[in-house]
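First the structure, which I've put down as structure tokens, then a few questions once you've had a look.
The values are calculated or read from the model by the stated rules, or taken from the named source; none is laboratory data. Everything numeric here is computed off the predicted structure, so don't read it as measured data. All Cβ positions, even for glycine, are placed from backbone atoms using ideal geometry, and neighbour counts span all protein chains on display. Note: areas computed on protein heavy atoms with side chains; ligands, DNA, RNA excluded. Shrake-Rupley method; radii C 1.70, N 1.55, O 1.52, S 1.80 Å.
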Amino acid sequence: MGSEMEPLLLACSYFRRRKFQLCADLCTQMLEKSPYDQAAWILKARALTEMVYIDEIDIDQEGIAEMILDENAIAQVPRPGTSLKLPGTNQTGGPSQAVRPITQAGRPITGFLRPSTQSGRPGTMEQAIRTPRTAYTARPITSSGRYVRLGTALFEYIFHHENDVKTALDLAALSTEHSQYKDWWWKVQIGKCYYRLGMYREAEKQFKSALKQQEMVDTFLYLAKVYISLDQPVTALNLFKQGLDKFPGEVTLLCGIARIYEEMNNSSSAAEYYKEVLKQDNTHVEAIACIGSNHFYSDQPEIALRFYRRLLQMGVYNCQLFNNLGLCCFYAQQYDMTLTSFERALSLAENEEETADVWYNLGHVAVGIGDTNLAHQCFRLALVNNNHHAEAYNNLAVLEMRKGHVEQIGDLQRSYVAAQKSEAAFPDHVDTQHLIKQLKQHFAAL
């Protein structure tokens, strides 16, 4: 008896140590000997699923269809402050959008790169069509400890490993029927399938029904995702607050609220909620990074520096962190640390875009210390690494203009029209106001 048990125990041990390929191979050998061994089937299905598991709550892969054919917004012209598509101007007294870099989607870059924000935006059609099914997430994996029966393991296998949503939906529907519609877990799975298929209203019904039977944090998070996809951030906020009544101090719910406020350009409210997150979990990387970023853009680099140093102490060690440390040190006038931070950032850069960003920031430092030749070289190096770096082109043009290399005096009328558009977008932007004043003086002189 003992010798028969050994392969299964070994396979379980491999699974616990996250050696999923070894576990799956061993289960295959066991199934060749006894094809009806349910334990081996379940373990194999779980091992194959874990290899490609992604946390559905954290990841949102926005494909080309969603970007171009998005018809899920409720109102064509939403009221200010009720839509993520048009977040509106900043009425909260936080840092202005004019001084904060923004994503392609047009909202300020946070201190933390999340799945489904900038990196999720496919740069080309090919990238958008190729959708990888693997991702690592900062959240603990949302499994509910329910892999007891073959049915649940089979569903997860079809949904994650095979990525066959329709078959998974059929299985979940049959299972719900079998449980006489009393099993909340299967309702959540049906909701997940509907969500993947873009049927948001149907998904909403399933998640709501599941919540009536059993209140779970995950279900609140899934339902909030549905409302965000429907461009109803206010409904999502209210839902998160309901969730907090049931689960006080739940970090994922607090974080969800903070993210929505950040997407709506309400930086001060976002920072408040991130501070709440830190009260519950003072090692929460996203909260520390976002609060640090908020302080930096509110002209408090010394305070931002404390948050980024905290990340360093926690063992976060990457190009972006040293890049931010370098900028904070420079603006906080700790010049001895500035260049060493940027050097470390360059050595840790994993791709050309990261390298370009570091050179771009070094160019800023060079402009700040008045070394225009060094600045020129840095911006050129940024362009060598990333040919689409618009800010580097812009700053090189400014440097050329300062040197007096103006090949062609611009079209004043077009310049004036562009400046007016800029003023409409950011009424408080001082440089734009100066430019309009200069142009009006030119027109008066003509």
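I'm trying to understand the selection: among the residues of region 291-309, which are within 17 Å of the chain's Cα centre (by Cα) and either among the small types (G, A, S) or farther than 22 Å from Q334 by Cα (or both)? Spell out the reasoning first.
So in region 291-309, the residues within 17 Å of the chain's Cα centre (by Cα) come out as 291-294.
Matches in region 291-309: G292, S293.
Here are the criteria: (1) over 25 Å from N294 (Cα atoms); (2) within 17 Å of the chain's Cα centre (by Cα); (3) open to solvent by 10 Å² or more (accessible area, probe 1.4 Å). Tell me which single one E204 does not satisfy.
(2)
Would you point out which residue out of N373, N361 is more than 22 Å from Q320 (Cβ to Cβ) and modelled with pLDDT of 90 or more?
N373
One residue is enough: does region 216-238 have a residue meeting the conditions under 30 Å from P80 (Cβ atoms), open to solvent by 30 Å² or more (accessible area, probe 1.4 Å) and free of Cβ contacts under 8 Å to residues at least 40 places away in the same chain?
Yes - at least one qualifying residue is present in region 216-238.
Specify which of the listed residues (A349, A397) is modelled with pLDDT of 90 or more and among the small types (G, A, S).
On the way: A397 fails: modelled with pLDDT of 90 or more.
Exactly one residue qualifies, and that residue is A349.
Pull out all pairs, ordered by first then second residue, where Cβ-Cβ is under 6 Å, the residues are six or more apart or on different chains, the first lies in region 330-341 and is farther than 11 Å from I369 by Cα, and the second is in a helix (DSSP H, G or I) and of a type in the set (F, W, Y).
Going by the 6 Å Cβ cut-off, the qualifying pairs are T338/F330; S341/F322.
For region 389-397, state whether one or more residues are open to solvent by 50 Å² or more (accessible area, probe 1.4 Å), assigned to a helix (DSSP H, G or I), touching a residue at least 24 places away in the same chain (Cβ under 8 Å) and on the phi < 0 side of the Ramachandran plot.
Yes, region 389-397 contains at least one residue that is open to solvent by 50 Å² or more (accessible area, probe 1.4 Å), assigned to a helix (DSSP H, G or I), touching a residue at least 24 places away in the same chain (Cβ under 8 Å) and on the phi < 0 side of the Ramachandran plot.
Listed residues F443, F426; which is of a type in the set (A, V, I, L, M, F, W, C), farther than 30 Å from L339 by Cα and touching a residue at least 40 places away in the same chain (Cβ under 8 Å)?
F426 is the lone residue from the list that is of a type in the set (A, V, I, L, M, F, W, C), farther than 30 Å from L339 by Cα and touching a residue at least 40 places away in the same chain (Cβ under 8 Å).
Working only within region 171-183, note down all residues that are under 22 Å from K44 (Cα atoms) and either loosely packed, with under 13 Cβ neighbours inside 10 Å or of a type in the set (A, V, I, L, M) (or both).
L171, A172
Can you tell me which residues in region 249-265 are open to solvent by 40 Å² or more (accessible area, probe 1.4 Å) and at pLDDT below 95?
Of everything in region 249-265, those that are open to solvent by 40 Å² or more (accessible area, probe 1.4 Å) and at pLDDT below 95 turn out to be R259, E263.
Yes/no per residue for (1) under 22 Å from Y308 (Cβ atoms); (2) small (G, A, S):
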{"residue": "A349", "(1), (2)": "yes, yes"}
{"residue": "V358", "(1), (2)": "yes, no"}
{"residue": "N385", "(1), (2)": "no, no"}
{"residue": "N395", "(1), (2)": "no, no"}
{"residue": "K403", "(1), (2)": "no, no"}
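Please enumerate the residues belonging to region 235-248 that are of a type in the set (A, V, I, L, M, F, W, C) and either outside any helix (DSSP H, G or I) or modelled with pLDDT under 95 (or both). Reasoning before the result, please.
If we filter region 235-248 for residues that are of a type in the set (A, V, I, L, M, F, W, C), which is where we start, we get 236-237, 239-240, 244, 247.
F247, the sole residue that qualifies.
Based on this model, can you work out whether Y157 counts as open to solvent by 20 Å² or more (accessible area, probe 1.4 Å), assigned to a loop (DSSP other than H, G, I, E, B) and hydroxyl-bearing (S, T, Y)?
Considered against the rule, which asks whether it is open to solvent by 20 Å² or more (accessible area, probe 1.4 Å), assigned to a loop (DSSP other than H, G, I, E, B) and hydroxyl-bearing (S, T, Y), Y157 comes out as no.
Yes/no matrix, rows are residues, columns are (1) acidic (D, E); (2) at pLDDT below 95:
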| position | (1), (2) |
| --- | --- |
| S293 | no, yes |
| D299 | yes, yes |
| N318 | no, yes |
| A345 | no, no |
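Considering I257, I190, which residue is in a helix (DSSP H, G or I), within 18 Å of the chain's Cα centre (by Cα) and not polar (S, T, N, Q)? Write out each step before concluding.
Numbers: I190 fails: within 18 Å of the chain's Cα centre (by Cα).
Just one listed residue meets the conditions, I257.
I'd like the residue in region 409-430 that is within 35 Å of the chain's Cα centre (by Cα) and open to solvent by 100 Å² or more (accessible area, probe 1.4 Å) and, out of all such residues, is modelled with the lowest pLDDT.
For region 409-430, the residue satisfying everything is D428.
Another question, if that's okay. Listed residues L169, L197; which is farther than 27 Å from A39 by Cα and either in contact with a helix residue (DSSP H, G or I) (Cβ under 8 Å, 6 or more places away or on another chain) or without any contact (Cβ under 8 Å) to a residue 40 or more places away in the chain (or both)?
The match here is L197.
Which of the residues spanning region 1-50 are modelled with pLDDT under 90 and part of a helix (DSSP H, G or I)?
G2, S3, E4, M5, E6
Consider I228 against the criteria (1) in a helix (DSSP H, G or I); (2) modelled with pLDDT under 95; (3) out of contact with any helix residue (DSSP H, G or I) (no Cβ under 6 Å at 6 or more places or on another chain): it satisfies all of them except one. Which criterion is unmet?
(3)
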